[in-house]
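Only one structure is covered here, and it is reproduced in the block below.
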Amino acid sequence: MDSKAFLAAHNHIMQIMPLIKHEAEGHFRHPYLSVTYGQHYGGYIFSWDNHHMTLRFAAAGEPEQMRYFVDNMLSFQTSTGYIPCVISAADGGCGLHQ
């Protein structure tokens, strides 16, 4: 990728980043990132998708997004150690929210 293409991709990502940040809501005790800024998938945290997204935010100077992600995920951990791969602000994690 040449520097012009890299800069175009970087600028596009920087425009999207504020659009996917959300305040705590429902079962989410902390702010969270949605996997898209469109109408789909809002109100959900997907473990691997969100993990990788928080790494990008940390690289951009917002390491707190990783802490919010981990804290939200751990709040759905069951007594056996299970953490759902997908959690919902509305319903919790796979019906196992405690």
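The residue that is nearest to L55 (Cα to Cα), among those in the range 71-85 that are surrounded by 14 or more Cβ atoms within 10 Å (Cβ to Cβ) and of a type in the set (A, V, I, L, M), is M73.
Return the only residue of Q77, Q65 being assigned to a helix (DSSP H, G or I) and of a type in the set (S, T, N, Q).
Criteria check complete, one pass: Q65.
Could you list all residues from the range 44-69 that are touching a His at 6+ places or on another chain (Cβ under 9 Å) and crowded, with 18+ Cβ neighbours inside 10 Å? Across the range 44-69, the qualifying residues are Y68, F69.
Which numbered condition in (1) part of a helix (DSSP H, G or I); (2) of a type in the set (V, I, T); (3) surrounded by fewer than 17 Cβ atoms within 10 Å (Cβ to Cβ); (4) free of Cβ contacts under 8 Å to residues at least 40 places away in the same chain is the only one that I13 fails? If we test I13 against (1) part of a helix (DSSP H, G or I); (2) of a type in the set (V, I, T); (3) surrounded by fewer than 17 Cβ atoms within 10 Å (Cβ to Cβ); (4) free of Cβ contacts under 8 Å to residues at least 40 places away in the same chain, just (4) comes out false. Within the range 21-36, is there a residue that is among the aliphatic types (A, V, I, L, M), surrounded by 14 or more Cβ atoms within 10 Å (Cβ to Cβ) and not in a loop (DSSP other than H, G, I, E, B)? There is at least one residue in the range 21-36 that is among the aliphatic types (A, V, I, L, M), surrounded by 14 or more Cβ atoms within 10 Å (Cβ to Cβ) and not in a loop (DSSP other than H, G, I, E, B).
Read the figures in this text as sums done on the coordinates, not as results from a lab. Computed from a predicted model, the values in this text were never measured in an experiment. When we count neighbours, we look across all protein chains shown, and the Cβ atoms used for this are built from the backbone with ideal geometry, even at glycine.
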